[in-house]
Amino acid sequence: MTTVIDRERLAATFAELCGISSPSRREGKISAYLKEAFAALGADFVYEDGSAVHTGSQSGNLIARFEGTAPGREGFFLSCHMDTVEPAEGVEVVRTGDIFTSRGDTILGGDDKTGIAAVLEVLTILREKRLPHPTIEVIITTCEEVGLLGAKHLEYDRLQTRYGYALDSTGNNHVVVGAPAANKFKVEIKGLAAHAGLCPEAGINALSLAVAALSTLTVGRLDSESTCNFGVIQGGVATNIVPERVLLKGEVRSHDPAKLERYTREILTAFEKAVAEWSPNPASGAQRPSVSFDIVDDYPCLRLAEDAPVVTRINRAAVACGKELRFTIAGGGSDANIFNGRGLPTAIVATGMDKVHTVDEQVDLANLVNLAELLLALATE
């Protein structure tokens with residue numbers, strides 16, 4: 001007999017979660033809520049890890065384990081993140097029919113409370129109906145929105161399952177099986193300050209050197225697999241002072257690790273060349289400009305084969321509950337990239353959230369129910 005999702009209970013859980021403010025690093029309240037919820041649902045193991053000392057969050061990541069009651073079936077994990085972007089204080093959920101929004105001056109929090117609500121509903125059904133299921137581990141991370149920090153510092157040795165699903169994407173009935181790797185970088189150019197009106201010749205204009213380097217680079221779409229962006233430029237003190245220092249921050253992404261390395265190197269080379277080719281003059285004396293770099297390997301590629309168990313399993317679940325999935329390649333990174341980099345194959349499942357990271361964010365209850373149905377099929381197929 002088909003088990004039906006309790007729409008109104010799911011809706012109430014989602015609204016309650018959205019009403020708990022949880023911007024990145026201030027996840028203490030929702031963490032406490034979830035620990036109580038998992039315990040009430042009969043979790044065999046509820047653990048808050050020690051990642052907070054690394055992330056600066058009020059909470060560590062949470063791991064809840066529900067031991068299998070169906071012998072011989074391989075377990076899996078479901079992952080969501082508990083933090084949201086801002087503005088997120090005092091979220092007031094507005095429901096119009098089956099559409100959830102905020103009152104308009106905050107985000108709603110569907111990213112990623114859609115995923116959490118669906119997980120709680122499925123766990124509730126499994127407990128109520130005493131449905132046989134494999135071991136299910138629930139991973140709820142902190143600080144996803146500020147650099148995937150919770151996932152980067154998760155205590156992976158606490159996990160027993162070896163693959164799973166990150167519930168964290170817009171859309172409906174699609175599964176992300178590929179995502180790029182990314183390098184973040186900072187470039188600092190140091191020149192020499194001087195009065196821009198009285199003796200500009202005595203200065204070394206760091207901003208001009210940055211422009212010279214940037215003029216030789218391609219930004220935006222580099223090829224079908226790669227992108228580059230300079231998102232922050234800081235420098236200068238006043239219009240009458242030759243800028244002595246300029247800091248640029250950017251990123252390179254690619255689905256091909258070799259291309260990622262090559263494009264990152266090209267950026268560094270462009271700035272080194274601009275500084276090396278600077279022409280001195282007598283007024284500036286022996287001073288020369290310099291450039292320094294800080295490169296962070298932000299996250300690795302996500303790449304799942306069609307026949308990977310994590311993919312074939314969700315395909316079977318979709319067939320079992322009458323859904324047709326679309327498998328896609330994404331352009332951004334998520335906790336799933338980090339999990340895959342740690343040897344835990346992880347597919348990203350769309351949760352139905354829409355217009356995320358804006359005050360116009362909305363969620364359709366029908367999409368949330370659809371996600372819960374798919375997850376229930378994963379647990380029981």
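Odds and ends about this structure:
- Residue in region 236-245 that is surrounded by 15 or more Cβ atoms within 10 Å (Cβ to Cβ), assigned by TED's automatic domain parsing to the domain that holds Val291, under 30 Å from Pro300 (Cα atoms) and at pLDDT 95 or above present: no
- Take the conditions (1) on the phi > 0 side of the Ramachandran plot; (2) touching a helix residue (DSSP H, G or I) at 6+ places or on another chain (Cβ under 6 Å); (3) of a type in the set (Lys, Arg); Arg342 misses just one of them, which is (1).
- Any hit, region 109-123, residues being modelled with pLDDT of 95 or more, under 16 Å from Gly68 (Cβ atoms) and under 26 Å from the mean Cα position of the chain (by Cα): yes
- Options Leu368, Leu374: the member that is in a helix (DSSP H, G or I), out of contact with any strand residue (DSSP E or B) (no Cβ under 8 Å at 6 or more places or on another chain), farther than 25 Å from Cys301 by Cα and not small (Gly, Ala, Ser): Leu368
- Close Cβ contacts (under 7 Å, 6 or more residues apart or on different chains) running from residues in region 26-39 that are in contact (Cβ under 8 Å) with a residue 60 or more places away in the chain and of a type in the set (D, E, K, R) to residues that are buried (at least 16 other Cβ atoms within 10 Å of the Cβ) and not in a helix (DSSP H, G or I) comprise Glu27/Ser57; Glu27/Gln58; Glu27/Ser59; Glu27/Met82; Glu27/Asp83; Glu27/Thr142.
- Qualifying position, being under 30 Å from Thr346 (Cα atoms), surrounded by fewer than 13 Cβ atoms within 10 Å (Cβ to Cβ) and not acidic (Asp, Glu), among Val296, Val252, Val232, Val311: Val296
- Some residue of region 240-254 being free of Cβ contacts under 8 Å to residues at least 40 places away in the same chain and assigned to a loop (DSSP other than H, G, I, E, B): no
- Note on region 364-381: residues that are farther than 19 Å from Val311 by Cβ and either among the small types (Gly, Ala, Ser) or under 19 Å from the mean Cα position of the chain (by Cα) (or both) total 2.
- For region 155-170, a residue qualifies if it is in a loop (DSSP other than H, G, I, E, B) and surrounded by fewer than 24 Cβ atoms within 10 Å (Cβ to Cβ), and the qualifying residues are Glu155, Leu159, Gln160, Thr161, Arg162, Tyr163.
The values are calculated or read from the model by the stated rules, or taken from the named source; none is laboratory data. All values reported here derive from a predicted model rather than from experimental measurement. Cβ sites come from the backbone with ideal geometry, for glycine too, and all protein chains shown count toward neighbours.
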